[in-house]
Structures are given as structure tokens and as C-alpha cells.
Amino acid sequence: MRRRSLILAAVPAGLVTIAGCGDDKAASSKASDSASPSPSASGTSAAPPPKIVDGPLPAITAGTAFGEKPTVAKGTGDPSGQLAVKTVIAGGGQTVAENDYIQAHYLGQIWDTAKVFDNSYDRKTPLVIQLAQGSIIDGWRYALTGKKAGSRVLFSVPPTWGYGTGGNSQAGIKGTDTLVFVVDVQATFNAKSSAKGTDVAQDDADLPKVGTNTDGGAPSIEVPKVDPPTKLVANYVIEGAGDEVGAEDSVLVQYKGVLWDSGKEFDSTYGRKALTSFGLSQVVKGWAQGLTGKKVGSRVLIVVPPDLGYGDNPPSGSGISKDSTMVFSVDILAKM
């Protein structure tokens, strides 16, 4: 079991979730219920890295601008047995690295038929997923690593680095099908990612003060020597300009948690050097209520009283005592 966040409502593996020792894949995207590029069981065996080649690749015949739903021609002739990759639009943003989370719109279709088996454009919700083995088909990992945010990438994926010989019956993909993807990479996130927005005054002397650094380092949290509030506090430290988080959404975050009484840190993504993703239905009530309505890109101070945290039943081994008030700095990087 790998260490996870302590905000999950009942497990000492990084504390914020209700659900246990599973990984974060369930929160990786609402699109994962369809034919998104999450791997099927038959497509997760480790294959040797492919050779990256220039083609052949079908043409994008309509929707040629970044962010527009593309129309892609049917493949002609035999597809490459390797990974054919073309940067159609070169972006100027941050370079994507393996194990980053990316936010992207995409369309996928079958080479031989041009049948579209999935796209995020119609859902009007980009995919947010980690480019990590076991989280996504290998073709995406190899095709998108090294590309820059703002890029449109066209690539074909043979079964070896797609869904394997078993295909994906839900999507109508056979084990012999080569897939064609168009991916618009909007953003990439890693352990150095931070909130982006406008600093908000922290002028209540009875509340903790949170650092406003956005260099990827953990912000400071200074807890005043007064009694903690008995009600939930959820205030902007940095206000982002993104969409508001809904009560049923999943989010990608950086966070740090300390105890009000001692100021002692008990959990942090910064210390693990790994972002965390989860659905708000998975987390302690203070987190769910505190993040609902807040904007993506923001840093939020959340003070969680015991009745909205762990109460008299904190996770074993967490360092959290019964009836503790917890203080968090949370950077909302993306909505999923």
C-alpha cells in the first residue's frame, strides 16, 4: 500500500479519503466510465518502448484549431506497427514529463473505419489523468511525454501500446485495431505545481496565516495562540480564475495539514512529492464543504473542527489526537 493523503475519511495513508488503500484512478476522470484512454486489464502488461515514427497518419479535415473538436479522415493503407506521432500545433507552455498529470481534450477513433469511440469535446469537460504506467494506455505516455502545454498532438497507437490483444469491447475496439488520437494538451501538473491567482488579504488575527509562495514549495502555516473556531473556515489565500468546484466534482490538489494545538504537520503532498486526486464525496466533510464553490487555481485555508473531521476516531498512526482541529492549505490545481 502506497502512502496516500490523510484527508480521506478513514485511512492512515495520507488522510483525506473515506475509501481505503486504493489508488487515485477512480478520481482521474469522469470520462473513465466511457472509452477514455485508461488501460483495460488486457492492455496493462509492460511492453518494450515503441519507436517513435513520423507516420503514416490520417489528416485532420475539420476542427483544425486548438480546442476545436476535430474531424479525422480514415486511415489509408496499413498503419505503422510503431507509434506514429505528429505535433500539429506546437504549444509554448510547460513541457510534459512522464508521471505528470495532464489536462487535455481528446478524440479517439479506429484507423480502419474512422469510427469515433470516444471524445471529451462533446462532454465539454477535459480529461485530467496521470501519464503513469497503469493509469493510461502506454501509447499516450510515449506520445505526449516531451510535448508542451498548448500543443495539439496527432498519433496512432497499435494494440501493443493500446488495449492489447483483448481490445476494449465496451468501446467496440478489437484486439487488432490501431487507434488514432488527437489530443489538445491544455496544462500539465507535477509536484512543483502551485496555485495561480490573486493574493487575498488575511487580516483576521484569530485565524492561521498561510504563505503565498507559488514556487512549488510548501507554504508556511502560522497558527495563532488562541482557541480554534468551532465552525468550518474556508477562505481564499490566493483566488484563482478557474471554474468553481461542485459538490460532486473530483479535484487534483497540493495540500499541507497541521494541527491547531501544536502547529505540527501531519500530512503533506509536498513531503511525498506527489499530487493527490480525489472526489469530494471521498473526503472528510470539512474538505468537501470547504472546497465546494471555490475556484480552480486557488489556494484555500481550511480549518476543520472535529465534528467535520475525525472527531473521536482519528486514523491510527496519523499523529492526530481525538477531537483535534485541523488546519489545511489546499491548492486546487484542476477539476476532474
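The values are calculated or read from the model by the stated rules, or taken from the named source; none is laboratory data. Owing to the predicted nature of the structure, the values given are computational and were not obtained by experimental measurement. No Cβ is skipped: glycine too gets one built from the backbone with ideal geometry, and neighbour counts run over all protein chains shown. For accessibility, only protein heavy atoms count, side chains too; no ligands or nucleic acids. Shrake-Rupley method; radii C 1.70, N 1.55, O 1.52, S 1.80 Å.
Observations on the model:
- At R0 = 25 Å, FRET efficiency that the Cβ-Cβ distance of ASP312 and LYS285 yields, to 0.05: 0.95
- Relative contact order, percent, the chain [alpha-carbon distance under 8 Å, six or more residues apart]: 19 percent
- Net charge of Cβ neighbours under 11 Å - reference LEU131; Lys, Arg +1; Asp, Glu -1: -1
- Each of GLN170 and LYS74 was given a label point 7 Å from its Cα along the Cα-to-Cβ line. The distance between the two points is 2.8 nm.
- Accessible solvent surface per residue of the stretch 96-218, calculated while the other protein chains remain in place, 1.4 angstrom probe, Å²: 37 Å²
- Accessible surface, the stretch 263-327, averaged per residue in Å² (probe 1.4 Å): 37 Å²
- Per-residue Karplus couplings for the stretch 303-320, computed as 6.51 cos²θ - 1.76 cosθ + 1.60 with θ equal to phi - 60°, are listed in order as 10, 9, x, x, 6, 10, x, 9, x, 9, 9, x, x, 4, x, 7, x, 9 Hz, Gly and Pro entered as x.
- CD proxy at 222 nm, helix term only [per DSSP H run n ≥ 4: -39500 (n - 2.57); per residue of the chain; nearest 500]: -1000 deg cm²/dmol
- Other residues lying with their Cβ under 15 Å from the Cβ of GLY172 contribute a combined charge of -1, Lys and Arg counting +1, Asp and Glu -1.
- Across the stretch 43-170, the mean sequence separation of Cα contacts (distance under 8 Å, 6 or more residues apart), normalised by length, yields a relative contact order of 34 percent.
- The stretch between ALA62 and LYS196 holds 44.9 nm of extra length on full extension. This uses 0.36 nm per residue minus the Cα-Cα distance.
- Amide H contacts of ASP323: GLY311, ASP312, ASN313, each under 5 Å away and 5 or more positions distant or on a separate chain (H built 1.01 Å from N in the peptide plane; Pro and chain starts excluded).
- Bridge type composition, the chain - antiparallel percent by DSSP, nearest 5: 90 percent
- Under Karplus coefficients 6.51, -1.76 and 1.60, residue-wise ³J(HN,Hα) of the stretch 221-226 in Hz, glycine/proline x: 10, 9, 8, x, 8, 9
- With each label modelled as a point 7 angstrom along the Cα→C-beta vector, the GLU265-SER321 pair spans 2.2 nm.
- Among the protein heavy atoms of the chain, carbon and sulfur supply 48% of the accessible surface, probe 1.4 Å, non-protein parts ignored.
- Note on THR125 and ALA46: with the Förster distance fixed at 41 Å, the Cβ-Cβ geometry gives a FRET efficiency of about 0.85.
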